[in-house]
Amino acid sequence: MRRALLVAVLILLFALPALPVPEFWITQLNYIGMFSLVALGLVLLTGIGGLTSFGQAAFVGIGAYATALLTTRYGLSPWLGLVVGLAVTVVVALVLALLTLRMSGHYLPLATICWALSLNFTMANMEFLGKYDGLLGVPALSIFGFSLREGRGIYLLIWAIAVLAALGVRNLLDSRPGRAIRALNGATTMAEAMGVSTFRYKVIIFVVAAMLACISGWLFAHVQRTVNPSPFGLKMGIEYLFMAVVGGVGTVGGAFVGAAVFKVIEDQLKELLPALLGGSGNYEIIVLGIVLVLIIKYAPKGLWPYVASRFPAAPRARSTAERLSAGAKPQPGELLLDVDKVRKEFGGLVAVNDVSFQIRAGEIVGLIGPNGAGKSTTFNLVSGVLSLTRGAVSFRGGRVSGLPSREIARRGMSRTFQHVKMIADMTVLENVTLGSYLRGSSGTARAMLRLDRAEELRLFAEAEVQLERIGMAAQMHELAGNLALGPQRLMEIARALCSDPALLLLDEPAAGLRLKEKQALAEVLRQLKREGMSILLVEHDMEFVMGLTDRIVVMEFGTKLIEGTPDEVQASPAVMAAYLGTEH
Ligand SMILES: Nc1ncnc2c1ncn2[C@@H]1O[C@H](COP(=O)(O)OP(=O)(O)OP(=O)(O)O)[C@@H](O)[C@H]1O
C-alpha cells in the first residue's frame, strides 16, 4: 500500500509539467524541490543527528556563487560549477565541522549562527563576487543540448535530484552507518562502546547536509539567473530549519512536507494579509512564527508522522543470509583481563581505590558490593567509558587503558549498561544489529547507493540468531522504547553478543527481570560459558551471582574487600558486615 502510493505520487510528480498546470505552480514546485534538498540535509543533521544548524543557507550560497562566478566571469560550464561548488563546500564544511562539532548544548547552534553570518558577510564584501549586487547574467542550464531555460524544463532536473537525494538519505538511515548516525542524538556512549566513532559520523552528516545545500544553491543560481547575498543569510538559515521542524525534522518525508507548507503558506499570505490588513508589512512572518510555535507545542515531531502513521511499513522480512562467521576465541585458562591497581577520583571522592583482579578465558567473574561501592565505575574504567586516574588495564596481552571505548570494543570486549542505553525509536532488531557494527564494513557512500544489501542481510541474520538465543524472537520488530525494562536489558545482552566478544561485561543484567526471565538468562549465560565465553558480571541479586560465577570480587567504599569462590565469599564475615552495614 505504502509503496503503491509512493509510486503513484512519483508518477504524478514527474507527469505534472506535461499537464495543464499553471506556470505559477510549476515555479512554486521548483522552489519547493530546491528547499527540500536543504531541509533533507537538516533531517540528517538536526532531526537524526541532533546537531542544530542555523547556517545551511550559507552552503546554499557557496553552491550558487561557485557556479555563478565560473559561468559569468570565466565562461565555464555550469556542470563544472557544480563540481567546484561541491569541492569548496566539502572543504569549508570539513573545516567548520572540525572547529565546531565537538561543541555541545547551545554552543553548537550559536557557532552555526557565527559562521553563517561570517560566510554571508564574506560573500557580500568580496569585490570579485559583486558585493551586495552579486553576479548577474547566470546562464540557464542545458542537458544534452536541451535548454532548461523554462520553469517546466528545470522542474524535471530539480525533482529528479530531490527524489534521488531523498532515496539516498533514506537508504543511508537504513544501513550500518545509518544505525550509527541514529545513535548520535543521545546514545553516543553506547555507540562508542559498540565500536562507532561518533565524531566521524557527526562530520559525515555535516558534510552531506552541506553538499545537499550546495546542490540546491547551484540549481537556485540557474533558476534565478542571478545571485546576490540576501537569500543566503541567517534569516533564510532559520527558515530552512523552520521547514524541517514543521514537516518532521526526523523524517525524510518531513523535508518535503515542510518545504511545501512553508512555500505555499508564505506566498499565499504575502498576497492575502496586506490585502486584508492594509499596508505592506511582512505579516506572513508573524503568522509563520505562530505556526511554528503551535507545531512545536502540539506536534513536536512535525506533520509527516501524521501522514506516515496512516500507512504503516511492513516489518522487515526474516533474513535468509548466512550469519557472520565468528572470530578465534582465546584458549581456556589464558589470561584475558588484567586490572592492575585501577583508581578513579571524582574531585575529592575516590570512587575506585587501587583495585586489582584478573579474569581468565572461560571464567564467569562476579563483581559485587553494596550501593555506591564503585562497581559500575570499575566497569566503566575497564571498558574505556571513563578514563583512569591511575593504574592499568590489559586485555588479551595488550594494554587498553587510555584507549577510547570503541578501540577496546575492537579488541573483543563488549558490554551492557546499568541504565539501559538504546535508540528508543528503532526496532529491537535494529538496536541489536548495531552491536555487529565492527563486523561489517559498508560506509556512507555504499549505503546511500544501496550497494550494502548482502552485508546488511548477514548483519541482520546475526542479530536474529542472538535475539532468538536470548528468547526475544517474538519482540524483534517492536520499537525498543516500547519494551519493559527487563526485555530491554536482554536486548542489550543480545546487542553485546552480536559483536562476537571474547569478554562480555554485564552491568546488572538481571535487574528488573521476572523470576522466569532470570532463570532463562542464567541458562543463556551458562550456555555462553560452555561455548568458551568469559563474563564479568555486576549484579545485586545474590542468588543469581552465587549460582553462576566461578569467582567473585567484593568491593566496598571503592576498595576490593575480598576475592574468592562463591562459597568463600558467602562464608566471609567481612562481606556479611559490608552488606549488613556492621563493623568488621
Ligand atoms: N560521574 C561521577 N561523578 C562523581 N561521582 C561519581 C560519578 N560516578 C559515580 N560517582 C560516585 O562514585 C561512587 C561509586 O559509584 P558507582 O556507581 O561506581 O557504585 P556502584 O557500586 O556501581 O553502585 P550501585 O550498585 O548503586 O550502582 C559513588 O559514591 C558515586 O556517587
What residue among Ser387, Ala445, Ala409 has its Cα farthest toward the positive end of the dipole of region 335-580, where the charges are +1 on Lys, Arg and -1 on Asp, Glu, each on the Cβ? Ala445
Please return the longest range in the chain lying between exposed loop sites, taking chymotrypsin sites (Phe, Trp or Tyr not before Pro), DSSP loop only, at most 16 other beta-carbon atoms within 10 Å, and leaving the sites out. 145-556
What number in nm² do you get for the chain if you take the convex hull of its Cα atoms and divide its surface by four? 31.7
Rank-order 472-478, 500-506 by packing density, defined as the average count of other C-beta atoms within 10 Å over each peptide's residues, highest first. 500-506, 472-478
On each of the three principal axes of the Cα atoms of region 251-298, give max minus min coordinate, whole Å, ordered largest first. 38, 21, 12
Computed curve, region 25-246, Cα-only Debye sum without solvent term, log₁₀ I(q)/I(0) at 0.08, 0.10, 0.15, 0.18 Å⁻¹, is -0.28, -0.43, -0.93, -1.28
Any chance you could give the angle, 0 to 90 degrees and rounded to 10, that helix 283-298 forms with the longest Cα principal axis of the chain? 20
Tilt of helix 252-277 relative to the longest C-alpha principal axis of the chain, in degrees (0 to 90, nearest 10)? 40
Can you flag which of Lys263/Lys297; Lys202/Lys344; Lys131/Lys202 are past 26 Å Cα-Cα? Lys202/Lys344; Lys131/Lys202
Relative packing of peptides 409-416, 264-271 - highest average C-beta neighbours within 10 Å first: 409-416, 264-271
Could you tell me what a quarter of the Cα convex hull surface of region 335-580 works out to, in nm² with one decimal place? 13.9
Measure nothing fancy, just the Cα-based angle from helix 485-497's long axis to the longest principal axis of the chain, in degrees from 0 to 90, nearest 10. 90
Can you work out D for region 97-140 in µm² s⁻¹ from Stokes-Einstein, where Rh is the Kirkwood radius over C-alpha pairs, the temperature is 10 °C and the viscosity is 1.306 mPa s? 128
Under 13 Å, Cβ to Cβ, from Ile154 - net charge with Lys/Arg +1 and Asp/Glu -1: +1
Kirkwood hydrodynamic radius of region 273-386 from all distinct Cα pairs, in Å? 21.7
If I model a spin label at Asn482 and Leu451 as a point 7 Å from the Cα along the Cα→Cβ vector, what separation in nanometres do I get? 3.6
Per-peptide average of other Cβ atoms within 10 Å, ordering 400-406, 524-530 highest first: 400-406, 524-530
Which value at 222 nm does the chain reach when only helices count, each DSSP H run of 4 or more adding -39,500 (n - 2.57), with the total divided by all residues and rounded to the nearest 500 deg cm²/dmol? -17000 deg cm²/dmol
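Each value in this text was obtained by applying a stated rule to the coordinates, not by laboratory testing. All of these numbers come straight from a predicted model, not from anything done at the bench. Neighbour counts are summed over all protein chains in view; Cβ atoms, including those assigned to glycine, are modelled from backbone coordinates with ideal geometry.
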